1. Say we look at the range 165-220 and pick out the residues that are of a type in the set (Val, Ile, Thr) and in a loop (DSSP other than H, G, I, E, B); which of these is least open to solvent (accessible area, probe 1.4 Å)?
2. List the residue pairs whose Cβ atoms are under 6 Å apart, where the first residue sits in the range 252-263 and is under 17 Å from Ala239 (Cα atoms) and of a type in the set (Gly, Ala, Ser), the second is at pLDDT 90 or above and surrounded by 15 or more Cβ atoms within 10 Å (Cβ to Cβ), and the two are 6 or more positions apart or on different chains.
3. Name the residues in the range 14-36 that are in contact with an Asp or Glu (Cβ under 9 Å, 6 or more places away or on another chain), of a type in the set (S, T, N, Q) and assigned to a loop (DSSP other than H, G, I, E, B), would you?
Amino acid sequence: MNISAEQHVHVLAAAQRNVDNSVSKTCNGAVNDTVESVDNLYRLGRQLGCKAVSYYRDGSRDNQVLTSMKASDSTNPKRTVKLRAIPRCSAEVLDAPPATHADAAHVVSAVDGETPATSDPEAEGLARAEAGATIREQADAEAKLTAIRIERPRELSGATWQIPFDGQNLYVTVNHDGRMIQEVFATGPISGGVGLLASKMLRGGFDAAEVAYSLNKVTGTHAVWFNQRLLTSPEQAVAECIMITNRRVQHLPDSARALGKQTQDSGLRTQHSGGADSVLRPGRQTRLRARSCQT
């Protein structure tokens, strides 16, 4: 649309005057808009009685519906946007972030010693979009090299728990391959995305304890006693099922309380040496002398 962002605000204000609820409209700004011009735009909306203003700057995304917005006349005429008319020219400039938002609108490129030429807003937006896409492709390629992702085997083992929660039944299924947890499913009074996210994290290199720690941060208003601990949210129940499976894979007790007791008992061990029994306790040693039996 060949109208300025300020004209968009006036259209929004005309509609807002006849509506009690808030009305929102996208005000399309020019590619060379600055922080100050956008600030003035929102202040104008406030003065005209607008209750909500949405703003979009031309060229800020790779794909956009409108591409014919012209540059605003409110900017400093001494400043010009200069770059070569090829997409790859601004990739080097965009590698380092600008110092301010105002500097981001003024990109100067001097590649191969050629004299840069002034471009129109449409060409500038296209060049920035192409450069941004190139940088993102490079980042994605680097991420693929460093990312750790475990493919799901064709066959897994696991268990499903039925946990009464808030008058409903929460079903949690945790599957593993004998060494580590591979996937989690959760249905009932909980979002299905919780299990999907947990599965992505577990197959993406996160430890089961890390995933359970994140889920345990979610609390609610209802509580249930499960596996010798108090759960206050369905997410905590999923975390507990993950930890149960993680302990079973390591051949440990199901509950953290039983595991702690086992660890404490292991601190008390008996050593047999010569004719004496030595009982070792944490922090002290008690020696029990053996009595000889005469017949």
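1. Step one: list which residues in the range 165-220 are of a type in the set (Val, Ile, Thr), which gives 172-174, 181, 184, 187, 190, 194, 211, 218-219.
Still in the running and in a loop (DSSP other than H, G, I, E, B): 190, 218-219.
On the way: Ile190: 24, Val218: 58, Thr219: 99 Å².
Step by step, filter the range 165-220, then rank; the result is Ile190.
2. Close Cβ pairs satisfying both conditions: Ser255/Asn227.
3. Here is the first cut: in the range 14-36, the residues in contact with an Asp or Glu (Cβ under 9 Å, 6 or more places away or on another chain) are 27-33.
Still in the running and of a type in the set (S, T, N, Q): 28, 32.
Hit for the range 14-36 is Asn32, nothing else.
The values are calculated or read from the model by the stated rules, or taken from the named source; none is laboratory data. Since the model is a prediction, treat every value here as computed from it, not as a measurement. Because the Cβ atoms are built from the backbone with ideal geometry, glycine has one as well, and the counts that use them run over all protein chains shown. Side chains are part of the model used for accessible areas, which takes the heavy atoms of the whole protein and leaves out ligands, DNA and RNA. Shrake-Rupley method; radii C 1.70, N 1.55, O 1.52, S 1.80 Å.
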